[in-house]
Amino acid sequence: MNPRTTALVVVDVQRGFVNRHSQHAVPAVARLVEGWTAAGLPVVFARFHNVPGSPYERISNWTRLRTPEEQVLVDELQPYVDSAAGVIDKSVSSALTPELEELVAERGWTDLVLCGIDTDSCVYDTAVAAYHKGLRPWIVTDACASTGGVEMHNAALLLARRNIGADQILTVDEVTGHLATGADFEEHATAGGGA
């Protein structure tokens, strides 16, 4: 991965998704965003909106993430919103919406570094969608969490290792280390992958 053609996509780190299972990831996401922006690299924030009549409501009977209080990004990310390359509002799990695809094409991004909530839904679905569009997805494991708990988080990472590649899994320390040295992430892949 060449950092010059890579964007960090922060998936759904919203107040309504922060609970006892996911709150530990928020400081890691903030640290990752801070390091990424300090390196002058682009960040995109995705926000999920559960619209009335959605499949989440009709099929799963899930009606959360409807109010502005639930939908707002967490306080730790607010300082970075105005300078973001984009803020994508979505009503589906994947953040790779037509709006983000257009931004990817305009900016010439080839790789997407992903973090956020839920690992087992929106982060994983974004990674798989990116993979199928010919983009290289990277998942930052410790900057992700599941509101369903560590078992769901780990299950998603197991599937990600199989379906997008074990070398595409990183930690915040690995990302910030690469940013500090200016090294491409291919060196990570040849070293055998992350946690």
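The figures follow:
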{"item": "More than 16 angstrom apart: percent of Cα pairs within segment 17-91", "result": "58 percent"}
{"item": "Listed residues 4, 136 arranged by accessible area, highest first, probe 1.4 Å", "result": "4, 136"}
{"item": "Label selected from (1) 18.7; (2) 16.5; (3) 18.1, the criterion being Kirkwood radius over Cα pairs in Å as computed here", "result": "(2)"}
{"item": "Helical mean residue ellipticity (222 nm; -39500 (n - 2.57) per DSSP H run of 4+; nearest 500) of the chain", "result": "-10000 deg cm²/dmol"}
{"item": "Accessible-area composition of segment 3-119, carbon plus sulfur, in percent [1.4 Å probe]", "result": "51 percent"}
{"item": "Degrees, to the nearest 10: 98-107 long Cα axis against longest axis of the chain", "result": "20 degrees"}
{"item": "Under Karplus coefficients 6.51, -1.76 and 1.60, residue-wise ³J(HN,Hα) of segment 77-91 in Hz, glycine/proline x", "result": "9, 4, x, 9, 5, 5, 9, 5, 5, x, 10, 9, 9, 9, 10"}
{"item": "Residue among 71, 1, 59 farthest towards the positive dipole end of the chain, charges placed on Cβ", "result": "59"}
{"item": "Probe 1.4 Å, all protein chains present, accessible-area order of 170, 158, largest first", "result": "158, 170"}
{"item": "Point-charge dipole on Cβ atoms (K/R +1, D/E -1) for the chain, about Cα centre, debye to 20", "result": "380 debye"}
{"item": "Helix 25-38 vs. the chain, principal-axis angle (Cα, 0 to 90°, nearest 10)", "result": "50 degrees"}
{"item": "Segment 83-149, dipole about Cα centre (Lys/Arg Cβ +1, Asp/Glu Cβ -1), debye to the nearest 20", "result": "140 debye"}
{"item": "Percent antiparallel among DSSP beta bridges (both partners in the chain, rounded to 5)", "result": "5 percent"}
{"item": "In degrees, nearest ten, helix 150-160 long axis to first principal axis of the chain (Cα)", "result": "50 degrees"}
{"item": "The chain - accessible surface per residue (Å², probe 1.4 Å)", "result": "45 Å²"}
{"item": "Environment charge at residue 134 (Cβ cut-off 14 Å; Lys +1, Arg +1, Asp -1, Glu -1)", "result": "0"}
{"item": "Nearest-10 value in Å² for the accessible area of residue 49, using the 1.4 Å probe", "result": "50 Å²"}
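The values are calculated or read from the model by the stated rules, or taken from the named source; none is laboratory data. Keep in mind it's a predicted model, so treat the numbers as computed, not measured. All Cβ positions, glycine included, derive from the backbone under ideal geometry; neighbour counts span all protein chains shown. Each accessible area value is taken on the protein alone, full model and side chains, heavy atoms only, with ligands, DNA and RNA left out. Shrake-Rupley method; radii C 1.70, N 1.55, O 1.52, S 1.80 Å.
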